[in-house]
1. Please specify each residue of the stretch 74-102 satisfying the condition of being assigned to a helix (DSSP H, G or I) and at pLDDT 80 or above.
2. Of the conditions (1) surrounded by 14 or more Cβ atoms within 10 Å (Cβ to Cβ); (2) modelled with pLDDT of 80 or more, Ala71 clears all except one; give me its number.
3. Any residue at all in the stretch 7-22 that is farther than 30 Å from Met100 by Cβ, part of a loop (DSSP other than H, G, I, E, B), at pLDDT below 75 and not hydrophobic (A, V, I, L, M, F, W, C)?
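The values are calculated or read from the model by the stated rules, or taken from the named source; none is laboratory data. On a predicted model such as this, the values are computed, not experimentally measured, just so you know. Cβ coordinates were reconstructed from backbone atoms using ideal geometry, including for glycine residues, and neighbour counts include every protein chain displayed.
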Amino acid sequence: MSSLPYSEENNRQIKHSLSVRWLYEAHHNTIDEVLLQDRRALCDENHLSTVIGLNKCAYNILTFARARLSAQGLRRIKFRSRETEKNARLLSYKETVREMADDIFVAVDCIVSYLASEPESQA
C-alpha cells in the first residue's frame, strides 16, 4: 500500500490521506450527481475553475439547506412513533434540491440564512 517504512507516524499519515481522499470523493460524487459537473464539456482552464468554484459555493449552500430543511421536518414522511422520527435520516441532496426548486421562498430563505450565518470554526 505504501513504500513508507512501518511506523505509527506513517500509519497516521496514511489514514489521514485516505480519509481526506474519501471526503473528496464523497463531495465530488454529490457535486456530480446534483450539479452535473462531469457532464459539462469544459476545455478552457479559466471557465473550468470558475465552474468548479461556483459548484463549491453551491455545494456549501446546499449542505446548509439540507441540514436546515431536515431539521424543519421537510421529509414528507409520516412516522409511526416519536422514536422512529428521532432516527430519521437527513434529506438527500437531490431531495434538498427538489424542495428548493419546488418553492422559491424556501430556496431564498436557505440562501439568505446561509449568507447571514457565522462561519463554522475549523476544529
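1. Tyr93, Lys94, Glu95, Thr96, Val97, Arg98, Glu99, Met100, Ala101, Asp102
2. The single condition Ala71 does not satisfy is (1).
3. Within the stretch 7-22 (the criterion being farther than 30 Å from Met100 by Cβ, part of a loop (DSSP other than H, G, I, E, B), at pLDDT below 75 and not hydrophobic (A, V, I, L, M, F, W, C)), the answer is no, since none of the residues qualifies.
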